[in-house]
Structures are given as C-alpha cells and as structure tokens.
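**Student:** One structure coming up, written as structure tokens, with questions to follow.
The values are calculated or read from the model by the stated rules, or taken from the named source; none is laboratory data. Predicted model, so just to flag it, every value in this text is computed and none were measured. Neighbour counts run over all protein chains shown; Cβ positions are idealised from the backbone, glycine included.
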Amino acid sequence: MAAIHKNKGSQLQVVPWYNKKEWEETYHQAYSEDLELQEKAYTQMCIWKTRYSNLPLGVECTMDILYVRLCDKQSGGSAGTTSYQHRDLQLLYSTAVMRFLNHLTVISNYKDSMYKMAEQNRIPDWLINLRHEAAHGNSVPALYL
C-alpha cells in the first residue's frame, strides 16, 4: 500500500512506503553493516518498486548499490570466484556507480563538470575517475577499488 505524504511545499505526493516508520526502518537496514538487514532493505525497496514504479532517484541508486553488494557477498567476495562471476561483479559495480553519478548530475546545479558536482556533494575524485574509466575506458575498473 502506498501512502500520501505532504512535502515541504505543502503539496501532496504519493510515496511507496506505508509510513515514516517503514521508511526509517528500511533506511537504517540499508546502511547497516549487517548483510541480512541489507537484504531486508533491498526486499522492501523491491516491494516499493512494485507499488510505485517511479521511485525517487536516491532509492533507485541505493537499490542498485545494495543489489551489487548482496551479489558480491553471496559470491564469497574472494579471489576464488570464477572469472565470469568476477566480470559480472565488475560490470554491476560499474553500472551502479555510473547510474548514481549520472542521476546526481541530473539533480545537481553543476551541469558542466562532474568534478564540480562531486566537490559540492563531497564525493571523492576517485569515484568520478572510476565512472569515467567505466564509461569511456577500454576495460571495466578492477574490483579491488
């Protein structure tokens, strides 16, 4: 069930979470170090996606990053994984980082430079470099990053 939320502009907005408690619980689970809690957060966000397909960009990006993190942990996150799984993880991480930074650029005031946008949002330069390497380089970035 979706809820109606009053935003700062006193306008009503449909949101996919039932109430503020559900939102806060999912937020804390997503940013927990506990893998099981992160999995619960991801599942809840999938439910939200079913309720309302046009999720806020922050939720979409968090879902992408959580998905990759869960895939990485389930594969063991070790050098013993097969090269196919390793390559999948490289592509998944690269895509999640690119989507996050691209979405942030869309909502940012700095349209001309990702580095300016990153500085404004306290995002390290190495993440922008990683995105550029993934988008324009000859190979995807290494997993050890």
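**Student:** Give all pairs with beta carbons closer than 8 Å in which a residue from region 87-102 that is assigned by TED's automatic domain parsing to the domain that holds Pro141 and more than 13 Å from Ala134 (Cα to Cα) meets a residue that is among the aromatic types (Phe, Trp, Tyr) and at pLDDT below 90; count only pairs at least 6 apart in sequence or on separate chains.
**Tutor:** Listed by first residue and then by second, the contacts come to nothing, as the list is empty.
**Student:** Taking region 108-140, which residues are without any contact (Cβ under 8 Å) to a residue 12 or more places away in the chain, in a loop (DSSP other than H, G, I, E, B) and not polar (S, T, N, Q)?
**Tutor:** Tyr110, Lys111, Asp112, Arg122, Pro124, Gly137
**Student:** Further question on the same structure: Looking at Thr105, Thr62, Thr26, can you tell me which residue is closer than 23 Å to Asn121 by Cβ, modelled with pLDDT under 90 and outside any loop (DSSP other than H, G, I, E, B)?
**Tutor:** Result: Thr105 is the single residue among Thr105, Thr62, Thr26 that is closer than 23 Å to Asn121 by Cβ, modelled with pLDDT under 90 and outside any loop (DSSP other than H, G, I, E, B).
**Student:** Of everything in region 65-85 that's assigned to a helix (DSSP H, G or I) and over 26 Å from Gln29 (Cβ atoms), which residue is modelled with the lowest pLDDT?
**Tutor:** Ranking the candidates gives Ser83 first.
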